[in-house]
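Asks: Supplied in structure tokens, the structure appears directly below.
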Amino acid sequence: MLVELSLFTLGAITFPSVFRLVSSRLYMVRDDYCRLDISVKIVSAIQAIVCVLFGMITMHYTKDDIVFTRFYLLDCYIYFWIPYFYYDAWALYQAFLVSKGEKFRESTTKERVERFFRKKWLMMIHHLVLPPIYGPSILLFRQGKGDYLIGCAFLMEATIPFISVRNILLRLDMQHTTLYIVNGILLGVSFGAARVLIWIYLVYCYSVYKQVTLLQSFLLLPRVCRVFSSLFFIMNVYWFIGILMTIVKSVKRLSSSPHSLSYSPHPTNSLST
């Protein structure tokens, strides 16, 4: 228990420290809110890259038996990883406070928190409610089975760096550049692979393990797994279609505005000159 608590504490210290380090290095961004918002996105991207790498390592060491082979560092990483969600909620709140100005910060803590939760309610449900649910589910309830499948699920984080870059480019008023389009295409490809096709791959892996068809392997899953995986798959397909539509619109807009192919600093841009 001491090791697990130490890893949790290390995560709780590491993520805010990286956030403050990144924020301090973005001295060229003169707008405080913009600097904090970009820092949040950069830390998210770093966390996602580490998560994907750890997922790939886990899959490599557990590929011989996707159900019973253990990779014991996986549980260690999860204890370290869980505090990220609470850090991210805190960092988003800090950026929200700065965005509202001094007068807003003079209001009561209760009023500030309520307004923040009203604006970011979906993100807060994800960050504050889900970790206490899927944390024990991954660490305890699966009884050490399926490390390969958990590692594979970590690959879903591959979309986060591209989402972060997209948000940063929007923050810097660079949504009419070629870089924005290229990143959007990479986001679409990564989302299709890591958030849509990966569900089919997971069922395929289990079907090969059980030596049954795809449909039979899906029906062999516990009912709660079938329900939640189906919901997540449908939601990801919906988001994927939205991403593709956004890419098409951006390409059309860029094609109709040849002068937007290169980025030139705008007077309202947040970067200091």
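Asks: Would you please name the trypsin sites (Lys or Arg not before Pro) within region 76-154 that are DSSP coil residues with at most 15 other C-beta atoms within 10 Å of their C-beta?
Replies: Answer by residue number: ARG142, LYS145.
Asks: Using only Cα atoms, what is the ratio of the radius of gyration of region 23-85 to 2.2 N^0.38 Å?
Replies: That works out to 1.58 for region 23-85.
Asks: Next question. In region 1-90, with Lys and Arg counted as +1 and Asp and Glu as -1 at Cβ, which of these residues, ALA45, TYR84, SER6, has the Cα nearest the positive end of the dipole, that is, farthest along it?
Replies: ALA45
Asks: Leaving out ligands and nucleic acids, and using a 1.4 Å probe, what accessible area per residue does region 41-173 come to in Å²? Present the calculation step by step, with values, prior to reporting the outcome.
Replies: Working: 6880 Å² over 133 residues.
Per residue, region 41-173 has an accessible area of 52 Å².
Asks: Moving to a separate point now. So how compact is region 129-181: Cα radius of gyration and Dmax in angstrom?
Replies: So, for region 129-181, Rg and Dmax equal 17.3, 50 Å respectively.
Asks: For region 2-123, count all C-alpha to C-alpha pairs, find those more than 22 Å apart, and express that count as a whole percent of the total.
Replies: Pairs farther apart than 22 Å: 49 percent.
Asks: With θ set to phi - 60°, apply the Karplus curve 6.51 cos²θ - 1.76 cosθ + 1.60 along region 59-67 and write out the HN-Hα couplings as whole Hz, x wherever there is a Gly or Pro.
Replies: 4, 5, 7, 10, 5, 5, 9, 6, 9
Asks: If you don't mind, there's one more thing I want to ask. What do the square roots of 5 times the Cα gyration tensor eigenvalues come to for region 5-58, in whole Å, largest first, as semi-axes of the equivalent ellipsoid?
Replies: Each semi-axis is √(5λ); the values are 25, 14, 7 Å.
Asks: Ok, one more. Which entries of LYS41/LYS120; LYS41/LYS249; LYS41/LYS103; LYS145/LYS210 show an alpha-carbon separation above 18 angstrom in the structure shown?
Replies: LYS41/LYS249; LYS41/LYS103
Asks: Using Cα springs under 10 Å in a Gaussian network model of the chain, which residue among ASP37, ASP64, ASP88 shows the largest mean-square fluctuation?
Replies: Residue with maximal mean-square fluctuation among ASP37, ASP64, ASP88: ASP64.
Asks: With the Cα gyration tensor of region 74-148 in hand, convert its eigenvalues to equivalent ellipsoid semi-axes via √(5λ) and list them largest first in whole Å. Provide the component values of the computation, followed by the final result.
Replies: Values: eigenvalues 227, 26, 13 Å².
Result for region 74-148: semi-axes of 34, 11, 8 Å.
Asks: Another question, if that's okay. What whole-number volume per residue, in cubic angstrom, does the convex hull of the C-alpha atoms of region 132-224 give?
Replies: Residue-normalised Cα hull volume stands at 121 Å³.
Asks: Can you give the net charge of the other residues whose Cβ lies under 10 Å from the Cβ of TYR93, counting K and R as +1 and D and E as -1?
Replies: Here the charged neighbours net out to +1.
Asks: Let's test this: bin the Cα-Cα distances of the chain at 5 Å from zero up to the farthest pair and state each bin's percent.
Replies: 1, 5, 9, 13, 16, 16, 14, 10, 7, 5, 2, 1, 0
Asks: Moving on. Hey, any idea what Rg/Rh is for region 170-225, computing Rh the Kirkwood way over Cα pairs?
Replies: 1.31
Asks: When only the heavy atoms of the protein chains count and the probe is 1.4 Å, how do MET59, MET245, MET1 rank by accessible area, highest first? Could the numbers behind the result be given before it?
Replies: On the way: MET59 30, MET245 105, MET1 175 Å².
Per-residue accessible area, sorted high to low, gives MET1, MET245, MET59.
Asks: Then there's this: Starting at the first residue of region 20-26, write each ³J(HN,Hα) from the Karplus equation 6.51 cos²θ - 1.76 cosθ + 1.60 with θ = phi - 60°, in whole Hz, x for Gly and Pro.
Replies: Taking θ as phi minus 60°, the curve returns 5, 5, 4, 4, 5, 7, 8 Hz for region 20-26.
Asks: Using only Cα atoms, find the angle between the long axis of helix 160-171 and the longest principal axis of the chain, and express it within 0 to 90 degrees, rounded to the nearest 10.
Replies: For 160-171 against the chain, the angle is about 10 degrees.
Asks: Now for a separate question. What does the charge dipole of region 112-270 about its Cα centre add up to, to the nearest 20 debye, if the Cβ of each Lys and Arg holds +1 and the Cβ of each Asp and Glu holds -1?
Replies: Here region 112-270 has a charge dipole of around 420 debye.
Asks: Now a separate question. For VAL29, what residues show an amide H to amide H distance below 5 Å, using hydrogens built from the backbone and excluding near sequence neighbours?
Replies: Under 5 Å from the amide H of VAL29 lie the amide H atoms of SER272, each far enough along the sequence or on another chain.
Asks: Moving on. Calculate the spin-label point distance for THR246 paired with LYS210, positioning each point 7 Å from the Cα along the beta-carbon direction, and give it in nanometres.
Replies: 3.5
Asks: Using a Debye calculation, one point per C-alpha and no hydration shell, please list log10 I(q)/I(0) for region 47-176 at q = 0.15, 0.17, 0.19, 0.21 Å⁻¹ in order.
Replies: With no solvent term, the Cα-only Debye profile gives -0.84, -0.97, -1.10, -1.22.
The values are calculated or read from the model by the stated rules, or taken from the named source; none is laboratory data. Computed from a predicted structure; not experimentally measured. Every residue, glycine among them, receives a Cβ derived from its backbone with ideal geometry; neighbour counts consider all protein chains shown. Heavy atoms of the whole protein, side chains included, go into the accessibility calculation; ligands, DNA and RNA do not. Shrake-Rupley method; radii C 1.70, N 1.55, O 1.52, S 1.80 Å.
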